[in-house]
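Colleague: After the structure tokens below, expect a handful of questions from me.
The values are calculated or read from the model by the stated rules, or taken from the named source; none is laboratory data. Note that the structure is predicted; figures quoted are calculated from it, not measured. Using ideal geometry, Cβ is built from the backbone for each residue, glycine included, and neighbour counts are taken over all protein chains shown. Surface accessibility is based on the protein's heavy atoms, side chains included, excluding ligands, DNA and RNA. Shrake-Rupley method; radii C 1.70, N 1.55, O 1.52, S 1.80 Å.
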Amino acid sequence: MLSRLALRALAPAGLKSSVALPSLSSGIIHASRSLHKSQQHLAPVPSLPEKGGKVRHGIIPEEFFQYMYPKTGVTGPYMLATGLTLYFLSKEIYVINPETISGIMIVGLLIYGIKKYGPTVAAFLDKRMDDELASYENFKSALINRCQEGIKEEKKEQWRLEGRHYLFDAKRNNIAMILEANYRERLLTVSREVKKRLDYQVAVQQLKRRMERDHMINWVEKSVWQSVTAQQLPQTGKRHCCIHGHTEV
């Protein structure tokens, strides 16, 4: 990516204005774009590619060669690089010194390290990235499941809220039935107490009548015995014995 931006920065002004370089990649931000100077739009931003574009020799992008092929042929980029190198050396624009040898050695060591340990490090980093993505996915799935459970609970509560008038009607009916049962129980209690009092009054009246009858019978017998004289007593006794014996027979 840095090499692409460097090529765009080093391109001549006339070339920028007259010949438009092709787009290097859909995920590359153009160097000429003014950042944070215009109002942001609501259009979706394209996602960055997970892997970079193809390069040659480690740093030169494939688009540069594809751009040079129609004008210089297949060997054009290599001849351009060789010519520029010889031109810089012949005109002493770049002078070879011990630092150049050190730089060549360092670059060689870097290339060797990248070639030898690059795939291992890349696999390790890819595995770590996959693990992080998996953890993020699990976290996202857990959040989605929690939200779905919350939605289900909310729908259940709404369903319960819709049926609350049935519950209130049932409670009102239960209260009315309890009040009716208490009313009827009290009526039964009152009727029983009234019946007891009426039975008491009937018993009192019957007792009074029986006592009055017994008193009347005793009074009549007493009056009759008092009316009988001493002379009539034997005859009355005999009659009474005869009547009594006849009654027993």
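Colleague: Work out the FRET efficiency for Leu133 and Thr75 from their Cβ-Cβ distance, taking R0 = 51 Å, and round it to the nearest 0.05. Write down the numbers at each step before the final one.
Modeller: Details: r = 43 Å, r/R0 = 0.85.
After rounding to 0.05, the efficiency reads 0.75.
Colleague: Mind checking which lysines have their C-alpha under 17 Å from Lys51, skipping anything on the same chain fewer than 8 residues away?
Modeller: Those lysines meeting the cut-off are Lys127.
Colleague: Lys171: which lysines have alpha carbons under 23 Å from its alpha carbon, excluding same-chain residues fewer than 8 sequence positions away?
Modeller: Counting by Cα, and skipping residues close in sequence, Lys171 has these lysines nearby: Lys156.
Colleague: What percentage of the solvent-accessible surface of segment 131-210, computed with a 1.4 Å probe over protein heavy atoms, is contributed by carbon and sulfur atoms? Please report the intermediate quantities before stating the final value.
Modeller: Values: 4580 of 7820 Å².
The value for segment 131-210 is 59 percent carbon and sulfur by accessible area.
Colleague: Between Lys155 and Leu143, what is the spin-label point distance in nm, taking each point 7 Å from the Cα along the Cα→C-beta axis?
Modeller: A separation of 2.2 nm, rounded to one decimal place.
Colleague: Taking 7 Å along the Cα-to-C-beta vector as the label spot, tell me the Asn182-Ile93 distance in nanometres, rounded to one decimal.
Modeller: Once both label points are built, they end up 10.8 nm from each other.
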